[in-house]
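Let me begin by presenting the structure, written as structure tokens, before commenting on it.
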Amino acid sequence: MATAAALADVADGRLVALAGASIVAPVATAWLYYPAQVYATMQETADATVGRLAEAIRTRLAPETVRWEVRSTDRIWLTPGEQAVPHARFADVAVMGLDRELPDFEDRLFSDLLFEGGVPLLAVPSGGAVSTFQRAVIAWKGTREASRAVHDALPLLARSASVDLLMVEPEPGDERHAHVPEALIVSHLHRHDIRPNVVRRCDVDGGTGPAILDHARETGADYIVAGGYGRRRASEFVFGGVTRTLMKHSPIPVLFAH
């Protein structure tokens with residue numbers, strides 16, 4: 001919430017917080033019927049929970065100077081993603097907190113927002129709230145997802161005092177490495193009055209994801225911009241290795257785009 005408010009402040013935007021509850025109805029396998037009023041009781045309980053949550057959010061946001069709004073949803077029979085995605089589609093960016101204590105739940109909501117929301121997703125780890133967006137790291141590679149992330153982040157990057165364009169490469173001398181010149185992306189950023197510091201690192205210490213996180217820590221970055229990679233397998237999304245590493249281990253917010 002603090003990071004979302006800071007983002008709204010930086011961009012002169014408006015913060016919309018969504019309060020909701022998602023429940024699963026009991027299956028009457030032994031009863032062969034549902035007890036009278038069971039659905040009504042569950043709905044009433046969920047509505048009361050959502051009401052308390054919405055009020056807690058209003059109390060939390062009251063001291064903020066940015067414009068804000070609290071929305072509530074009573075669609076308790078839908079998943080959190082099904083509840084959140086329609087609201088995300090009419091926003092500039094979705095913000096999701098990561099507690100990392102409920103991985104299955106967070107994975108599903110994260111994938112729904114990233115792949116179905118249609119807007120960039122700012123994932124904020126517990127304890128990683130930021131009040132400034134002055135130092136950025138772009139995890140760059142010449143892919144559609146990375147290009148989408150950079151373009152979605154342009155308004156925020158333009159307000160940052162320092163932007164590192166980070167390219168993680170295989171170990172020097174690796175014959176599999178095909179060099180991709182950075183001149184085009186650099187000149188494109190220049191046209192948007194962004195002067196990136198071009199940085200190259202090797203992935204010799206555990207892969208691309210850890211190399212990105214190492215650089216972010218060493219430079220004191222406030223946030224990371226990265227493409228969100230994944231593919232559909234049956235009815236579930238499977239995250240790419242770098243996406244999963246940043247989602248699970250980044251100590252600072254990551255702006256993902258797919």
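For the chain, the Cα-based Rg and Dmax, in that order, read 20.7, 72 Å. Taking each residue as 0.36 nm, the span from Thr219 to Ala2 lengthens on full extension beyond its C-alpha to C-alpha distance by 75.9 nm.
Could you compute the FRET efficiency for Asn197 and Asp12, with r as their C-beta to C-beta distance and R0 at 22 Å, rounded to 0.05? Given R0 = 22 Å and the Cβ-Cβ separation, E is 0.25. For the stretch 72-190, carbon and sulfur atoms together expose 52% of the accessible surface, with a 1.4 angstrom probe and every protein chain in place. Scanning the chain for GluC sites (Glu not before Pro) lying in DSSP loops with no more than 11 further Cβ atoms inside 10 Å, the longest uninterrupted stretch between such sites is 1-100. Anisotropy class assigned to the stretch 97-167 is oblate, per the alpha carbon gyration tensor with a/c at or over the 1.5 cut-off and a/b no larger than b/c. A 1.4 Å probe run over the protein chains yields, for the chain, 54 Å² of accessible area per residue, whole-number rounding. One decimal place: the segment Asp99-His249 gains 52.9 nm when fully extended, by the rule 0.36 nm per residue minus the C-alpha distance. Shape analysis of the stretch 51-151 yields a ratio of the Cα radius of gyration to the Kirkwood radius, Rg/Rh, of 0.98. Under 5 Å from the amide H of Leu18 lie the amide H atoms of Arg71, each residue being 5 or more positions distant or on a separate chain, with H modelled from the backbone and absent for Pro and chain starts. Once backbone amide H atoms are built at 1.01 Å from N, Tyr223 has Arg135, Val137 as its partners under 5 Å, excluding neighbours fewer than 5 places away on the same chain. The chymotrypsin sites (Phe, Trp or Tyr not before Pro) of the stretch 33-77 that meet both conditions, a loop assignment by DSSP and at most 16 other Cβ atoms within 10 Å of the site Cβ, are Tyr33, Trp77.
The values are calculated or read from the model by the stated rules, or taken from the named source; none is laboratory data. This one's a predicted model, so the numbers in the text were calculated from it and none came from an experiment. Note that each Cβ is placed from the backbone with ideal geometry, even for glycine, and that neighbours are counted across all protein chains shown. Protein only, heavy atoms only, side chains kept; ligands, DNA and RNA dropped before computing areas. Shrake-Rupley method; radii C 1.70, N 1.55, O 1.52, S 1.80 Å.
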